[in-house]
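First the structure, then my questions, so here it is.
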């Protein structure tokens, strides 16, 4: 199975990864190979197999609803690039 | 051309847990920015989520209350998108295997009929943080206290056909989750947020039209306005021969305007996949039965009981049973005031009017059900007239005095109901008004007679310094004047 340049460019935008024209050509080949491998897997008969959500044969433990965390804002904000009034500052984004 | 309106809703309900869905951080509202955002909430490397049992319990209670199938095995997935108030770069949510499967809610319509609105499913997910776009040197401020707050997103089938029906459903859902105690229902703090999907189709057609989604409506009034606005916008386009573009829109309630946020072509591709950090959650019979045992009386059952137990009419029972806190207030009033109809009238009249005027919720009311009940008792046993009772209510509300009987004494509002004393006053007043008495006795028309009777009441109330029981005065007058 092949993947188009447009698909690669779209996925790159969604993943916020910058790729230039040359890289797209290389990725076309590499990703195409990966998709071929997936195609081979798809050939296996899985009709009687239930889709798996997790490789471990275990179920999730739940936690009681009790506050266990304390305020550590100062420690976390010490490693943030910019803060003010207790807020983390980020480049302006308005959707 | 005549059009059918088709509406489906997605409702985000914030669950009233103490802690977040995947961490032990507090969810208390109003804390200083980022003081309740810890390593898991901030998506620090090496942290792992552990789901909150209470969030599952609340979701299961919601499922049981909406006649839904409970997802015995539910799976969390990652919904991937980039936004600064979402530290992980994905929202942990459920997609193919949600905790609550198909169910329904019945709503009462204005014409007295009932309509069933089907719920497609409800899933558990985490809320995002808040972005503050005020100017921080050209940057945005991020508060992550809300990040990780548990939500259930309730998705309905497109079963509503007017703004009234959509609002009736939204109110019913609000009444349900607050009665269950799984959500505080405070819309102004974003505890419930509505997305409305709207499409139009030619009347009677089976084919659905292209829909738009209007996001993030946080009051019933805005929801009603946004639907009216969007229906009109779509109708104008269709009647001009245009085509509706599938898109997400934002509605500005203050200006009654909407604008496109993104179209289908620009729609996010969320690339969902099962979250490898979380195992499937299995819910067993014991968990479900425990949740069932915690279900309180629900609004429909409460309404039926109010009609049966207190003899309320359908309207009064509907108003008083809808809100869990108002219901409790009503029952406390009746417990202390006995006369349920009178209690219902005072709560829907004076009490609700004062709450609205002061913009207070029932929980913030300065008077208790016990106090209103004591006042109702004094109205029912004729100690105070209804005009006097309003003065007592005012004194209770302003906090001048918290005891009904003490207020009645202090303000001299006690009605004179001693028949002997009242008769003496009537005799005296009638003796001073011989012309009016003769006029009354010569009048044959019972309607005019009744009206003339009122002419004696003024002097009587004056003679009794406003404290004579008007009902008794009336009875005595009719008897003395000869029918």
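In this structure, is residue B:430 over 26 Å from residue B:378 (Cα atoms), assigned to a helix (DSSP H, G or I), modelled with pLDDT under 80 and not assigned by TED's automatic domain parsing to the domain that holds residue B:374?
No, not satisfied.
Please specify each residue of the range B:12-22 satisfying the condition of being more than 7 Å from chain A (Cβ to nearest Cβ), surrounded by fewer than 23 Cβ atoms within 10 Å (Cβ to Cβ) and in contact with a helix residue (DSSP H, G or I) (Cβ under 9 Å, 6 or more places away or on another chain).
B:16
Continuing with the same structure: Out of everything in the range B:28-40 that is buried (at least 24 other Cβ atoms within 10 Å of the Cβ) and within 31 Å of the chain's Cα centre (by Cα), what residue ends up being farthest from residue B:82 (Cα to Cα)?
The selected residue is B:36.
While we're looking at this one, here's another question. State all residues of the range B:385-427 that are more than 28 Å from residue B:361 (Cβ to Cβ) and in a loop (DSSP other than H, G, I, E, B); if no residue qualifies, say none.
B:385, B:411, B:412, B:413, B:414, B:415, B:417, B:418 - these are the residues of the range B:385-427 that are more than 28 Å from residue B:361 (Cβ to Cβ) and in a loop (DSSP other than H, G, I, E, B).
Looking for something closer than 30 Å to residue B:41 by Cβ and in contact with a helix residue (DSSP H, G or I) (Cβ under 7 Å, 6 or more places away or on another chain) - is there at least one such residue anywhere in the range B:166-176?
Within the range B:166-176, one or more residues are closer than 30 Å to residue B:41 by Cβ and in contact with a helix residue (DSSP H, G or I) (Cβ under 7 Å, 6 or more places away or on another chain).
Follow-up question, since we're still on this one. For residue B:25, work out the one condition from (1) within 14 Å of chain A (Cβ to nearest Cβ); (2) modelled with pLDDT of 95 or more; (3) surrounded by fewer than 16 Cβ atoms within 10 Å (Cβ to Cβ) it doesn't fulfil.
(3)
From the list B:33, B:45, pick out the single residue that is closer than 14 Å to residue B:277 by Cα and not in a helix (DSSP H, G or I). Write out each step before concluding.
Numbers: B:33 fails: closer than 14 Å to residue B:277 by Cα.
It is B:45.
Find the strands (runs of 3 or more DSSP E) located wholly in the range B:78-159 whose residues include 3 or more that are away from chain A (no Cβ under 14 Å) and more than 25 Å from residue B:321 (Cα to Cα), and list them.
B:114-126
Which residues, taken from the range A:22-60, are at the interface with chain B (Cβ under 7 Å from one of its Cβ atoms) and in contact with a helix residue (DSSP H, G or I) (Cβ under 9 Å, 6 or more places away or on another chain)?
Matches in the range A:22-60: none.
Now a separate question. Taking residue B:287 as meeting all but one of (1) modelled with pLDDT of 90 or more; (2) within 14 Å of chain A (Cβ to nearest Cβ); (3) part of a helix (DSSP H, G or I); (4) exposed (fewer than 15 other Cβ atoms within 10 Å of the Cβ), write down the number of the exception.
The number of the failed condition is (4).
Just to verify a result, which residue in the range A:61-95, among those that are part of a strand (DSSP E or B) and within 7 Å of chain B (Cβ to nearest Cβ), is surrounded by the most Cβ atoms within 10 Å (Cβ to Cβ)?
A:88
For the range B:349-366, does any single residue satisfy the condition of being over 17 Å from the mean Cα position of the chain (by Cα) and closer than 19 Å to residue B:305 by Cβ?
no
Turning to a different aspect of this structure: Can you tell which of B:180, B:109, B:173, B:124 is in the same structural domain as residue B:221 (by TED's automatic domain parsing), surrounded by fewer than 19 Cβ atoms within 10 Å (Cβ to Cβ) and in contact (Cβ under 8 Å) with a residue 24 or more places away in the chain?
B:109
Right, something else. Name the residues in the range B:187-218 that are assigned to a loop (DSSP other than H, G, I, E, B) and either at pLDDT 95 or above or surrounded by 15 or more Cβ atoms within 10 Å (Cβ to Cβ) (or both), would you?
Across the range B:187-218, the qualifying residues are B:190, B:191, B:209, B:210, B:211, B:218.
Please verify whether the range A:33-43 includes one or more residues that are within 28 Å of residue B:77 (Cα to Cα) and not in a helix (DSSP H, G or I).
If we filter the range A:33-43 for residues that are within 28 Å of residue B:77 (Cα to Cα), which is where we start, we get A:33-43.
With not in a helix (DSSP H, G or I) added as a condition, the list becomes A:43.
Yes; the residues of the range A:33-43 include at least one that is within 28 Å of residue B:77 (Cα to Cα) and not in a helix (DSSP H, G or I).
Can you find, within the range B:34-72, the residue that is nearest to residue B:105 (Cα to Cα) among those that are within 11 Å of another protein chain (Cβ to nearest Cβ) and in contact with a helix residue (DSSP H, G or I) (Cβ under 7 Å, 6 or more places away or on another chain)?
Here the residue is B:57.
The values are calculated or read from the model by the stated rules, or taken from the named source; none is laboratory data. The model shown is predicted, which means the values in this text are computed figures rather than measured ones. Backbone-built Cβ (ideal geometry, glycine too); neighbour counts: all protein chains shown.
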